[in-house]
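Report on the structure given below.
The values are calculated or read from the model by the stated rules, or taken from the named source; none is laboratory data. In this text the structure is predicted, and so the values were computed from the model without any measurement. Here the Cβ is made from the backbone with ideal geometry for all residues, glycine too, and neighbour counts use every protein chain on show. The protein model used for the area step is the full one, side chains on, heavy atoms only, and it has no ligands, DNA or RNA in it. Shrake-Rupley method; radii C 1.70, N 1.55, O 1.52, S 1.80 Å.
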Amino acid sequence: MAQQVHLDRMPTWKNTKRGQQWINTLRDYAFPKIGRMPVDSIGQPEALMCLSPIWTEKHETARRLSQRIKTVLDVARSKGLRDGENPGMAICDGHVLTKVRAKTRHHKAMRWQDVPAFYAELQGRDAMAAKALMFTCLTGARTGEVLGMRWEELNHETRTWIYPSVRMKTGGNHRAPLSDAALAIFEPLKALKSEVVFEGQKRFAPPSNVSLLLRRNGAERHDRLRLPLHLL
């Protein structure tokens, strides 16, 4: 049933990665315990078997797991395969599990006084991740928006970059002005004739966000970066 719900909802997710995360959560934490059980035999005890071990240690994962178990069982009920209350809803409404207060963790930002030297260091690197990071510094865009940039989103005449709502965290198209320095980054990349502006190791695919994580000697000087960075 979970696999069928996953397949049915694939077209509704922004990208395949989001859809894969949905089923992976069930695969890792629910399938080993209740994956082979008939959907009409799953109640609160069975749902708690999946949620309790990770409720405190991995609370955000457990919260998503609870939602996904609830979704699968709701679909099963709509198909006439089970009846009665949904254990996921009952657990939530009944406050069966302890309340966990999430701790907000913020990345420290690089001091603006350090940015020119850091940018100059990036200019001396040929890696695509460094080029993408330079552009990120110049525009202040999110790394995911930069890595997903496509050539058709750029307008050299108006010197603007319009990235679509599908990649915007807040939704809605966004228009960003491009400076001379930003436009100069694109010139050598045109020769690659790729579908994306910043192409990674795979053809027509951008570098991963992980490739922008900082991993180099002397990282202490850059631990104030707000962005996830990696200089290849």
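Yes or no: R27 surrounded by 14 or more Cβ atoms within 10 Å (Cβ to Cβ), without any contact (Cβ under 8 Å) to a residue 12 or more places away in the chain and farther than 17 Å from P87 by Cα?
yes
Can you pull out the residues in the stretch 180-228 that are among the polar types (S, T, N, Q) and either modelled with pLDDT of 85 or more or open to solvent by 50 Å² or more (accessible area, probe 1.4 Å) (or both)? It would help to see each step written out before you state the result.
Start the filter on the stretch 180-228 by keeping residues that are among the polar types (S, T, N, Q), which leaves 194, 201, 208-209, 211, 217.
If the condition is that a residue be among the polar types (S, T, N, Q) and either modelled with pLDDT of 85 or more or open to solvent by 50 Å² or more (accessible area, probe 1.4 Å) (or both), then S194, Q201, S208, N209, N217 are the ones that fit.
I'm trying to understand the selection: among the residues of the stretch 30-48, which are open to solvent by 60 Å² or more (accessible area, probe 1.4 Å), under 20 Å from L7 (Cβ atoms) and assigned to a helix (DSSP H, G or I)?
The answer is F31, and nothing else.
What helices (runs of 4 or more DSSP H), lying completely within the stretch 58-167, carry at least 3 residues that are under 30 Å from G35 (Cβ atoms)?
Passing ranges, in order: 59-78, 87-93.
Working carefully through the options L73, L7, L81, L51, find the one that is farther than 30 Å from G148 by Cβ, aliphatic (A, V, I, L, M) and open to solvent by 80 Å² or more (accessible area, probe 1.4 Å).
L81
Does Q44 count as within 30 Å of L189 (Cα to Cα) and of a type in the set (S, T, N, Q)?
Taking the combined requirement at face value, the residue does not satisfy it.
Listed here are the residues, each with its yes/no results for (1) closer than 23 Å to A90 by Cβ; (2) out of contact with any helix residue (DSSP H, G or I) (no Cβ under 7 Å at 6 or more places or on another chain).
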position	(1), (2)
M1	yes, no
R18	no, yes
L26	yes, no
G35	yes, yes
I42	yes, no
A47	yes, no
I54	yes, no
E60	yes, yes
I69	yes, no
